[in-house]
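Report on the structure given below.
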Amino acid sequence: MPKINKLKIFNDPIYGFITIPNALIYDLIQHPYFQRLRRITQMGLSYLVYPGANHTRFHHALGCMHLMQKAVDVLRFKGVMINDDEENALYIAILLHDIGHGPFSHTMEKSIVEEVHHEEISLMFMQQLNVEFGGQLDLAIKVFKGEYHRKFMLQLISSQLDMDRMDYLKRDSFYSGVAEGNVNSERLIQMMNVVDDVLVIEEKGIYSVEKFLMSRRLMYWQAYLHKTSLAAELILTKVLKRAKELTTKGIELPCSLPLLFFMKNRITMEHFDDKNLDLFAQLDDFDIISALKAWQYNEDFILSSLSSMIINRDLLKIKLSNEKPTIDDLDFLKEKFADQNNISLGDTNYFIFKGKIKNQAYSKEAEPIKILKKDRSVEDVFESPDQLNLKSLSKSVTKYYICFPKQLEQIKI
């Protein structure tokens with residue numbers, strides 16, 4: 001059997017050439033669990049707003065690994081000791097950090113797979129891969145779980161200034177066309193250092209940190225929390241909940257077998273065995289889209305109406321406000337809609353509902369971003385005397401929304 005060259009190169013539109021550092025990384029990328037990420041969009045239903053935002057979790061994972069390679073090079077150049085096993089663990093952990101995402105990313109967590117966070121599923125996938133690869137992921141799993149004694153390694157994977165955020169801001173900005181999110185990840189990585197096994201940013205990089213946090217705030221308002229994207233995601237959640245409700249009543253709905261399994265069964269963490277994990281690994285965006293295409297013709301008014309909204313991009317109206325909508329406002333709309341469509345008041349909850357969204361670019365409660373000053377002392381970036389903008393970025397801004405059918409738009413509430 002001819003020997004396969006596993007030191008491949010990917011051509012990425014953002015970073016140029018991304019190299020696969022070793023054969024193990026190649027084999028992990030080739031694994032069906034990872035290849036599935038090609039079929040899961042990075043920004044969910046945001047392509048209904050930004051037509052270019054069709055990039056995938058596969059793109060993102062490779063981009064994160066590339067940035068991690070840059071970070072390891074910079075830290076080693078500055079005298080930070082990172083041995084070969086630690087280096088490989090960092091590459092594996094960041095490559096697989098999002099492998100547990102379901103179709104359309106966070107939507108599954110709120111409807112089909114209950115009370116199971118994607119990071120918990122990522123860890124299960126990593127543990128399963130570790131069995132298949134004879135324990136070669138031991139250290140990567142230890143780092144991912146925060147159990148390794150060198151704290152900075154986890155910070156590179158998951159913190160307020162990690163490779164994950166650096167890539168998704170730059171990548172999502174590129175593909176959506178929202179220029180405000182274009183962060184200078186190269187500059188930020190060049191400013192990184194490690195003191196007492198804690199990740200720090202050198203003082204001259206403080207304005208790059210400020211720009212990074214500002215970009216994150218703007219990307220949330222303009223892209224991730226864009227009201228039309230939000231409405232689409234909320235509708236998809238409602239569709240899947242309705243489908244699950246009908247299925248548990250014994251009504252057969254056309255869909256793929258893996259999707260049917262998760263609709264028929266209540267799956268929580270304690271139920272997630274190897275068999276269920278393998279079924280989850282067969283789910284991707286195509287299962288959901290093909291189901292919606294069939295369900296838009298279903299005789300159930302709720303399921304067909306909501307499915308059609310997404311397929312034809314004829315969504316619910318959504319209004320954002322700084323004020324909480326009142327129960328009376330909702331009840332008034334529900335009564336009107338129930339009368340117009342001859343449905344029960346309970347069923348109107350699928351079409352008329354309220355909620356809130358929060359945007360906080362920098363959290364004072366989470367692990368702080370540390371600045372290494374010229375005198376070699378370390379301080380929280382938030383405590384820097386001239387960083388007044390960071391104080392506003394750390395404030396949580398809450399907005400309230402109300403969703404309702406467009407036919408009710410003329411009714412004053």
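Leaving ligands, DNA and RNA out of it, report the carbon-plus-sulfur percent of the accessible area of the chain at a 1.4 Å probe.
Of the solvent-accessible surface of the chain, carbon and sulfur hold 50 percent.
Can you tell me the Rg and Dmax of the range 28-143, counting just the alpha carbons, in angstroms?
15.7, 48
Would you be so kind as to identify which of Ile288, Ser394, Asn341 lies farthest towards the positive end of the dipole of the range 282-396, taking Lys and Arg as +1 and Asp and Glu as -1 on Cβ and the Cα centre as origin?
Farthest along the dipole direction, towards plus: Ser394.
What accessible surface, in Å², does a 1.4 Å probe find on Asp196, ignoring ligands, DNA and RNA and rounding to the nearest 10?
Asp196 has an accessible surface of roughly 140 Å² with all protein chains in place.
Run the numbers for Glu252 and Ser321: contour at 0.36 nm per residue of separation, minus the present Cα-Cα distance, in nm. Please list the in-between numbers first.
Numbers: separation 69, 0.36 × 69 = 24.84 nm, distance 3.97 nm.
Roughly 20.9 nm would be gained on extension.
As I understand it, the value is the acute angle between the Cα axis of helix 206-219 and the longest principal axis of the Cα atoms of the chain; what does it come to in degrees, rounded to 10?
20 degrees
Give me the angle, in degrees from 0 to 90, between the Cα long axis of helix 327-341 and the longest principal axis of the Cα atoms of the chain, rounded to the nearest 10.
That helix lies at roughly 60 degrees to the long axis.
With each pseudo-label sitting 7 Å past Cα toward Cβ, what's the Asp347-Val131 distance in nm, one decimal?
With each label placed 7 Å out from Cα toward Cβ, I get 4.5 nm.
How much of Ser215 can a 1.4 Å solvent probe reach, expressed as accessible area in Å² and rounded to 10?
0 Å²
Can you give me the angle between helix 301-311 and the longest principal axis of the chain, using Cα atoms only, in degrees from 0 to 90, rounded to the nearest 10?
Taking Cα atoms only, the helix is inclined about 40 degrees.
Which number do you get for Rg(Cα) / (2.2 N^0.38 Å) in the range 297-367?
On the way: Rg = 16.4 Å, N = 71, 2.2 N^0.38 = 11.1 Å.
After normalising by residue count via 2.2 N^0.38 Å, the value is 1.48.
In deg cm²/dmol, rounded to 500, what helix-only [θ] at 222 nm does the chain give when every DSSP H run of at least 4 residues adds -39500 (n - 2.57) and the total is split over its residues?
Estimated from H runs of four or more residues: -14000 deg cm²/dmol.
What FRET efficiency comes out for the pair Trp221/Asn11, r = Cβ-Cβ distance, R0 = 41 Å, nearest 0.05? Kindly include the intermediate steps, with their values, before the conclusion.
Numbers: r = 32 Å, r/R0 = 0.78.
Computed FRET efficiency for Trp221 and Asn11 comes out at 0.80.
Calculate the translational D of the range 181-269 in whole µm² s⁻¹ from Stokes-Einstein, where the hydrodynamic radius comes from the Kirkwood formula applied to all Cα pairs, the temperature is 4 °C and the viscosity 1.567 mPa s.
Working: Rh = 17.3 Å.
The Stokes-Einstein estimate is 75 µm²/s.
Rolling a 1.4 angstrom probe over the protein chains, ignoring ligands and nucleic acids, what is the accessible area of Phe332 in square angstrom, nearest 10?
Surface open to solvent at Phe332 totals about 90 Å².
So, by mean Cβ neighbours within 10 angstrom, what's the order for 55-68, 171-184, 267-280 with the highest one leading?
Working: 55-68: 23.0, 171-184: 19.9, 267-280: 14.0.
Peptide ranking by packing, descending: 55-68, 171-184, 267-280.
Stretch Asp278-Arg187 to full length: gain in nm at 0.36 nm per residue minus the Cα-Cα span? Write out the running numbers ahead of the final one.
Details: separation 91, 0.36 × 91 = 32.76 nm, distance 4.02 nm.
Fully extending the segment from Asp278 to Arg187 adds 28.7 nm.
Where does the range 205-351 land on the Kirkwood hydrodynamic radius, alpha-carbon pairs, in angstrom?
In the range 205-351 this quantity evaluates to 18.0 Å.
Rounding to the nearest 20 debye, state how big the charge dipole of the range 1-81 is about its Cα centre with +1 on each Lys and Arg Cβ and -1 on each Asp and Glu Cβ.
That gives a dipole near 140 debye.
Quick one: which residues, 5 or more positions from Leu199 or on another chain, have an amide H under 5 Å from its amide H? H modelled 1.01 Å from N in the peptide plane, none for Pro or chain starts.
The list, which skips near neighbours in sequence, is Phe152.
Can you tell me the length gained on complete extension of the stretch Glu270 to Asn83, counting 0.36 nm per residue apart and subtracting the Cα distance?
63.7 nm
Based on C-alpha coordinates, I'd like the Rg and Dmax of the range 1-60, in Å.
14.2, 49
Quick one: putting +1 on the C-beta of Lys and Arg, -1 on the C-beta of Asp and Glu, what dipole do you get for the range 126-176 around its Cα centre, in Debye to the nearest 20? Please list the in-between numbers first.
Numbers: 7 positive and 7 negative charges, 40 e Å.
The calculation lands at about 200 debye.
Name the residue from Thr237, Ser256, Ser215 whose Cα lies farthest towards the positive end of the charge dipole of the range 199-296, charges +1 on Cβ of Lys and Arg and -1 on Cβ of Asp and Glu.
Final value for the positive-end residue is Thr237.
Relative to the Cα centre, what is the charge dipole magnitude of the chain, using +1 at the beta carbon of each Lys and Arg, -1 at the beta carbon of each Asp and Glu, and rounding to the nearest 20 debye?
Computed about the Cα centre, the dipole is about 1060 debye.
How do Trp295, Trp221 rank by accessible surface area computed with a 1.4 Å probe, from largest to smallest?
Trp221, Trp295
5 Å is the cut-off here: which amide hydrogens, built 1.01 Å from N in the peptide plane, fall below it relative to Met191, excluding neighbours closer than 5 in sequence?
none
With every protein chain kept in place and ligands, DNA and RNA left out, what is the accessible area per residue of the chain? Probe 1.4 Å, answer in Å².
Numbers: 18920 Å² over 413 residues.
Using a 1.4 Å probe on heavy atoms only, each residue of the chain averages 46 Å².
Taking the chain as the region of interest, what is the percent of Cα-Cα pairs per 10 angstrom bin, listed from the shortest bin to the one with the maximum distance?
4, 20, 28, 25, 15, 6, 1, 0
The values are calculated or read from the model by the stated rules, or taken from the named source; none is laboratory data. The model shown is predicted, which means the values in this text are computed figures rather than measured ones. Methodologically, a virtual Cβ is constructed for each residue, glycine included, from the backbone with ideal geometry; neighbour enumeration extends over all protein chains shown. Protein only, heavy atoms only, side chains kept; ligands, DNA and RNA dropped before computing areas. Shrake-Rupley method; radii C 1.70, N 1.55, O 1.52, S 1.80 Å.
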